[in-house]
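Visitor: Structure in structure tokens, see below.
The values are calculated or read from the model by the stated rules, or taken from the named source; none is laboratory data. Just so it is clear, the structure is predicted and the values come from calculations on it, not from any experiment. Methodologically, a virtual Cβ is constructed for each residue, glycine included, from the backbone with ideal geometry; neighbour enumeration extends over all protein chains shown.
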Amino acid sequence: MFDTLTTKVSDALRFISGKSTITEKNIDDAVDAIKMALLEADVNLRVVRRFVNATIEEAKGEKVLRSVDPGQQFIKIVHDRLASFLGDGNQGLKLKGPDAISTILMLGLQGSGKTTSSAKLALRLKKDGRKPLLVACDLVRPAAMEQLAILGSRIETPVYKIDGAKDSLRVYKEALSWAKQNLIDTLIIDTAGRLQIDDPMMRELFELKNASSPDELLLVADSMTGQSAVDIAKTFDEKIGLTGVILTKFDSDTRGGAALSLKTVTGKPVKFVGVGEKPEDFEPFYPERMASRILGMGDIVSLVEKAQTVIDRKEAIELQKKMEKETFTLEDWLAQLQSVKKMGSLQSMLDMIPGMSGQISEQDIDKANLKTQEAIILSMTKKERANHLIIGPSRRSRIARGSGSSVAEVARLLKQFEKMKTMMKKMSKMSKNPNAMQAFIQGGRFK
Ligand SMILES: Nc1nc2c(ncn2[C@@H]2O[C@H](COP(=O)(O)OP(=O)(O)OP(=O)(O)O)[C@@H](O)[C@H]2O)c(=O)[nH]1
Ligand SMILES: [Mg+2]
């Protein structure tokens, strides 16, 4: 996600952040490089222009050029500008209290991810203590109802469908009365997509909207389609009205243009992003954090939050302490490996770690590999796990034999562990000292 953009932007910033004084020319050059990177990332031209003008104007002010630390000031301006283009803080869902029934209408073109996102949203609401009902109003594609029913049973959420139904309004109305009898507090209506925006689709959506007065009208758009996602959002907003957008397929190699342009062009906030095919692969969208990711500063906050959903809080606090004291051992790593298995896509996690985006591929620590790594650590003695430095050549071959792996694999694991320790040291320093963030950028990416 955003890999090219991140590399280019952090390159442009690394140059400037290393300087104790900066000139107007330095600023022009850096902004120019960022401008090219944004255009390549398929960001809307008008948005790029606004970004460039606003950044240059602010960066050339006395405050920056005369400040003690102009490089860092400049980075902060770029960061804040990017964040404001990405949105206006995190925009959660605006739903009624649990005593009334809230309605979320999902719209979007064919294949954008409406059905998948409906299930993801339901799972999220369930975790928040709500009682959602998935309503199958896609009557166009024959398999659509079944797809929703399967997803619903996977996340243990009821699905309302009428086999053979021709009229989505009727499905909605019956779902509503079923919801009332079954203490449901949120309806999530999955609708039919079309290849292109056409009149029958708009009419149907309009009728559903009028009948259900939704609290949220969420456009589901494929982030891979870049600018066309933005155009689609504009049209849907004009014709039906939107309250927000869910950008899907953020785990794919999206250039990021849609995320960066949507808010400025349409005025509609991105509320969530889809980061995989599974119901758990769904995250609230935080403009600030996303801006940090684009600048190559990673996104520790999201990473920690994600980890907390699978590792329990106490463990997470312990881990944090160990990271700070730098006493993280192989024993702790073993525990981590075991929870990573539960954590979903490893790549999406790696992308959140500062400087790691694109640096370690899924192959480096792929899932099959986790088993080998687990076996290797399990073959070590307690003493070895507590202090990996005592593991010399003879211990390595014993461990290799015991775990059914090779000496090279044991060596690789130890090397990876060293890498991880270095990274953790950097991360924990960074969270205590904001200046370290800059040093980190100057020092280059994690190697
Ligand atoms: N990698 C990835 N795949 C996704 C994501 N969201 C959806 N998909 C996949 O995209 C494909 C289409 O998703 P659907 O949810 O069926 O899309 P839809 O908008 O309901 O499609 P129609 O009902 O045909 O209009 C499926 O294969 C999903 O698994 C995502 O965030 N990441
Ligand atoms: Mg669908």
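Rundown of residues vs (1) under 25 Å from F250 (Cα atoms); (2) touching a Lys or Arg at 6+ places or on another chain (Cβ under 6 Å); (3) at pLDDT 60 or above, yes/no style:
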{"residue": "P354", "(1), (2), (3)": "yes, no, no"}
{"residue": "Q373", "(1), (2), (3)": "no, no, yes"}
{"residue": "R396", "(1), (2), (3)": "no, no, yes"}
{"residue": "A436", "(1), (2), (3)": "no, yes, no"}
{"residue": "K447", "(1), (2), (3)": "yes, no, no"}
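Visitor: If you don't mind, there's one more thing I want to ask. Looking at V135 and the list (1) more than 27 Å from K234 (Cβ to Cβ); (2) hydrophobic (A, V, I, L, M, F, W, C); (3) crowded, with 22+ Cβ neighbours inside 10 Å, which single condition is not satisfied?
Guide: Result: V135 passes all but (1).
Visitor: With the condition being away from ligand 1 (no atom under 11 Å from the Cβ) and under 17 Å from A211 (Cα atoms), I'd like the helices (runs of 4 or more DSSP H) fully within the stretch 91-187 carrying at least 3 qualifying residues.
Guide: Numbers: elements: 114-127, 144-154, 168-181.
Of the helices (runs of 4 or more DSSP H) lying wholly inside the stretch 91-187, those with at least 3 residues that are away from ligand 1 (no atom under 11 Å from the Cβ) and under 17 Å from A211 (Cα atoms) span 168-181.
Visitor: Something else now. Can you find a residue in the stretch 159-182 that is surrounded by fewer than 16 Cβ atoms within 10 Å (Cβ to Cβ), within 16 Å of ligand 2 (Cβ to nearest atom) and among the charged types (D, E, K, R)?
Guide: No, the stretch 159-182 contains no residue that is surrounded by fewer than 16 Cβ atoms within 10 Å (Cβ to Cβ), within 16 Å of ligand 2 (Cβ to nearest atom) and among the charged types (D, E, K, R).
Visitor: Quickly run through the stretch 198-216 and pick out the residues that are touching a residue at least 24 places away in the same chain (Cβ under 8 Å) and either more than 18 Å from G111 (Cα to Cα) or within 16 Å of ligand 2 (Cβ to nearest atom) (or both).
Guide: Across the stretch 198-216, the qualifying residues are E204, L205, F206, E207, L208, K209, A211, S212, S213, P214, D215, E216.
Visitor: For K63, only one of the following conditions fails: (1) within 16 Å of ligand 2 (Cβ to nearest atom); (2) surrounded by fewer than 19 Cβ atoms within 10 Å (Cβ to Cβ); (3) in a helix (DSSP H, G or I). What is its number?
Guide: (1)
Visitor: Could you check, for the stretch 211-230, whether at least one of its residues is at pLDDT 90 or above, of a type in the set (D, E, K, R), touching a helix residue (DSSP H, G or I) at 6+ places or on another chain (Cβ under 7 Å) and outside any helix (DSSP H, G or I)?
Guide: Yes, the stretch 211-230 contains a residue that is at pLDDT 90 or above, of a type in the set (D, E, K, R), touching a helix residue (DSSP H, G or I) at 6+ places or on another chain (Cβ under 7 Å) and outside any helix (DSSP H, G or I).
Visitor: Considering only residues of the stretch 182-195 that are at pLDDT below 95 and out of contact with any Lys or Arg (no Cβ under 9 Å at 6 or more places or on another chain), which is farthest from L133 (Cα to Cα)?
Guide: Here the residue is L195.
Visitor: Kindly establish whether L82 is aliphatic (A, V, I, L, M) and in contact with a Lys or Arg (Cβ under 8 Å, 6 or more places away or on another chain). Before you say what the answer is, go through the steps one by one.
Guide: On the way: aliphatic (A, V, I, L, M): yes; in contact with a Lys or Arg (Cβ under 8 Å, 6 or more places away or on another chain): no.
Here the answer is no, as L82 does not meet what is asked.
Visitor: Restricting the first residue to the stretch 137-153 and requiring it to be over 12 Å from A192 (Cβ atoms), which pairs with a second residue that is assigned to a helix (DSSP H, G or I) and more than 9 Å from ligand 2 (Cβ to nearest atom) meet a Cβ separation below 7 Å and a spacing of at least six or different chains?
Guide: L151/A119; G152/A119
Visitor: Considering (1) within 14 Å of the chain's Cα centre (by Cα); (2) more than 16 Å from ligand 2 (Cβ to nearest atom); (3) at negative phi, say which one I240 fails and leave the rest.
Guide: Unmet for I240, out of (1) within 14 Å of the chain's Cα centre (by Cα); (2) more than 16 Å from ligand 2 (Cβ to nearest atom); (3) at negative phi: (1).
Visitor: Could you list, in sequence order, all residues of the stretch 86-127 that are within 13 Å of ligand 2 (Cβ to nearest atom) and among the polar types (S, T, N, Q)?
Guide: Across the stretch 86-127, the qualifying residues are Q110, S112, T115, T116, S117, S118.
Visitor: Pairs, please: C-beta under 6 Å, at least 6 apart or cross-chain, first residue within 16 Å of A37 (Cβ to Cβ) and in the stretch 285-301, second modelled with pLDDT of 85 or more and of a type in the set (D, E, K, R)?
Guide: Listed by first residue and then by second, the contacts come to nothing, as the list is empty.
Visitor: R194 fails exactly one of the following numbered conditions: (1) part of a strand (DSSP E or B); (2) among the basic types (K, R); (3) within 13 Å of ligand 1 (Cβ to nearest atom). What is the number of that condition?
Guide: Failing condition for R194: (1).
Visitor: List the residue pairs whose Cβ atoms are under 8 Å apart, where the first residue sits in the stretch 80-95 and is farther than 17 Å from L247 by Cβ, the second is crowded, with 17+ Cβ neighbours inside 10 Å and of a type in the set (S, T, N, Q), and the two are 6 or more positions apart or on different chains.
Guide: R81/T55; K94/T243; L95/S102; L95/T186
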